[in-house]
Amino acid sequence: MKKICVIGLGYIGLPTAAIFAKAGYEIVGVDVNQKVVDSLNKGEIHIEEVGLPELVKEVVKSGNLRASLEPEKADVYIIAVPTPIHEDFTADVDYVVSATKRVAPYLEKGNVVIVESTIPPRTMDDVVAPIIREHGIDPEHDVAIAHCPERVLPGRILIELIENTRIVGGLTEEAATKAADVYRAVVTGDVIETKAVTAEMSKLMENTFRDVNIALANELVKISSRLNVNAHEVIELANKHPRVNLHHPGPGVGGHCLAVDPYFIIEKAQAESPLIQISRQINNSMPDFVYDQVNRLTAELPTPKIAVFGLTYKGNIDDVRESPAIEIYEKLASNPRFNVVAHDPHVREEQVKFPLVSFEEAVQDANLVLVLTDHNEFKQMDTAELVKRMATPVVFDTKNCAHIDNDSIMHYRIGDLTNLHAIQA
């Protein structure tokens, strides 16, 4: 193995390409976006990830990583393209299909083809393998085809790509071994071989497990609001039991994994997945719950100004995919009674369909700061500035992250609305 072609230079593909380039392999990164290709060939990147700018600059300068609009002949092909969902919540595997079709003409006997994109069960067997067979290549004997789902946390991707256990599911046992050996060249964690469909399901269940447990915490928030109970205290006390580990509530579930992957299972086994389906419904309902609480807080104000803090689906990243914060902003902005502004130091204006403002602009004459993302900048806000600039210094923290040490500020958390009172002008 000398040359690797990585298809898709997004949040997973680019770090993966950089890691292999750092290990000394010749890497060609392929993307359909000319701007991404041009910037990468200059050693510049288009996404936010800790340590990635420095690493990419280093491996581009060394000549180990370059970008292209077209695939090339290589020993290994890694497909890391998006798999969103359609409006009916079925999986959209068009990008995987397109990437496979683009790679297929370049395949030679002995090559390895790995799909890292999260995919529905049996996609490797029923979608990827037939495309390769159509190009005159036997997917079971001529090449090694495998699924190795990414399992990393944004903000720690460069660490976890190397240290985390990898699950490699092959179309055949030999394919699993050959693909696993690709990762053993750079991964210090365990590399476990299995069948393709098992690897597909393992990735989906990892994220479904978290989604279901977050739904339980979010349902507790709704119950606690009805019963006037502090959900955070309930969670803290319940978790003192040695076999209980309740998750924390929030404004909803976002990102390309937790908010999407459960639907891949539902699509294939709808009658057998009622728990997964109701969990999705609960988490999808949280933006409406947050909207209702904002209405309650501002009920006495004719035209309240709401400063939305955070638009990404989690803290300290720039990823707004499937973010509940975007949905909440749009719900608030659609109400003519509200004057809504948005502030997120990690998001670029071209990523969203509305203007972004500075901290100072956001809080000036605001009636409510609505924290929707746990960025570090929001954990330690300048509370003196909030008191000085806000018309009514009130913070509604849906991420339980803000440290408010100023008695002049009314601070509410999504799971503790026991003392909620409407803001008075």
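A few comments on the model shown:
- Shown for region 91-210: the carbon plus sulfur share of the solvent-accessible area, taken with all protein chains present and a 1.4 angstrom probe, equals 50%.
- Between region 371-425 and region 43-97, the alpha-carbon centres lie 39 Å apart.
- Distance violations [Cα-Cα > 21 Å] among Lys22/Lys203; Lys222/Lys268; Lys3/Lys109: Lys22/Lys203; Lys222/Lys268
- Excluding same-chain neighbours fewer than eight residues apart, the aspartates and glutamates reachable from Lys388 by a Cα-Cα span under 17 Å are Glu360, Glu361, Asp365, Asp405, Asp407.
- For the chain, the membrane-span-like helices by this rule, meaning whole DSSP H stretches whose C-alpha atoms cover at least 30 Å of axis and whose Kyte-Doolittle mean is -0.5 or above, are 196-227; this says nothing about an actual membrane.
- Between Asp181 and Ile159, the modelled label-to-label distance comes to 3.2 nm, taking each label 7 Å out from Cα in the direction of the beta carbon.
- With 32 Å as the limit on Cα-Cα distance, the pairs of Lys2/Lys314; Lys240/Lys305; Lys42/Lys101; Lys2/Lys101 that go past it are Lys2/Lys314; Lys240/Lys305.
- Per residue solvent-accessible surface (Å²) - the chain, probe of 1.4 Å: 44 Å²
- Heavy atoms of Leu171: accessible area, 1.4 Å probe, square angstrom to 10: 30 Å²
- Straight Cα distances below 21 angstrom link Lys35 to the lysines Lys57, Lys61, Lys353, with same-chain residues fewer than 8 positions distant left out.
- Within region 171-210, GluC sites (Glu not before Pro) in DSSP loop having at most 10 other beta-carbon neighbours inside 10 Å: none
- Our summary gives the chain a relative contact order of 11 percent, counting only alpha carbon pairs under 8 angstrom and 6 or more residues apart.
- Under Karplus coefficients 6.51, -1.76 and 1.60, residue-wise ³J(HN,Hα) of region 374-390 in Hz, glycine/proline x: 8, 5, 4, 4, 8, 6, 10, 7, 6, 5, 5, 5, 4, 5, 5, 9, 6
- A Cβ-based charge dipole, computed about the Cα centre of the chain with Lys and Arg at +1 and Asp and Glu at -1, lands at about 280 debye.
- Label point distance in nm, Arg243-Ser62, each placed 7 Å from Cα along Cα→Cβ: 5.0 nm
- Under 5 Å from the amide H of Ser68 lie the amide H atoms of Gly29, Val30, Asp31, each residue being 5 or more positions distant or on a separate chain, with H modelled from the backbone and absent for Pro and chain starts.
- Shape call, region 1-158: gyration tensor on alpha carbons, a/c limit 1.5: oblate
- Residues Phe289, Phe209 ordered from highest to lowest accessible area at a 1.4 Å probe: Phe209, Phe289.
- Region 221-261: C-alpha gyration tensor shape, a/c 1.5 cut-off, then a/b vs b/c: oblate
- Here Kirkwood radius over Cα pairs in Å was computed from the coordinates, and among (i) 21.2; (ii) 24.3; (iii) 23.2 the match is (iii).
- Within the shell defined by Cβ-Cβ distances under 12 Å, the residues around Asn230 carry a net charge of -2, with Lys and Arg each +1 and Asp and Glu each -1.
- Counted charge near Val103, where neighbours are those whose Cβ lies closer than 14 Å (Asp, Glu -1; Lys, Arg +1): -3
- Counting charges near Glu360 (Lys, Arg +1; Asp, Glu -1) among other residues having Cβ under 15 Å from its Cβ returns a value of -3.
- Counting only DSSP H runs of at least 4 residues, each contributing -39500 (n - 2.57), and dividing by the residue count of the chain, the helix-based mean residue ellipticity at 222 nm comes to -11000 deg cm²/dmol.
- Of all DSSP-defined beta bridges confined to region 12-127, some 10% are antiparallel rather than parallel.
- Where both bridge residues fall in the chain, DSSP classifies roughly 10% of the beta bridges as antiparallel.
- Cα lying deepest toward the dipole's positive end in the chain, options Leu161, His232, Ala342, charges on Cβ: His232
- Accessible area of region 280-425 belonging to carbon and sulfur atoms, whole % at 1.4 Å probe: 44 percent
- On full extension, the segment bounded by Lys222 and Glu70 gains 49.7 nm, given 0.36 nm per residue less the C-alpha separation.
The values are calculated or read from the model by the stated rules, or taken from the named source; none is laboratory data. It should be emphasised that the depicted structure is a prediction, and the values quoted were computed from it without experimental measurement. When we count neighbours, we look across all protein chains shown, and the Cβ atoms used for this are built from the backbone with ideal geometry, even at glycine. Side chains are part of the model used for accessible areas, which takes the heavy atoms of the whole protein and leaves out ligands, DNA and RNA. Shrake-Rupley method; radii C 1.70, N 1.55, O 1.52, S 1.80 Å.
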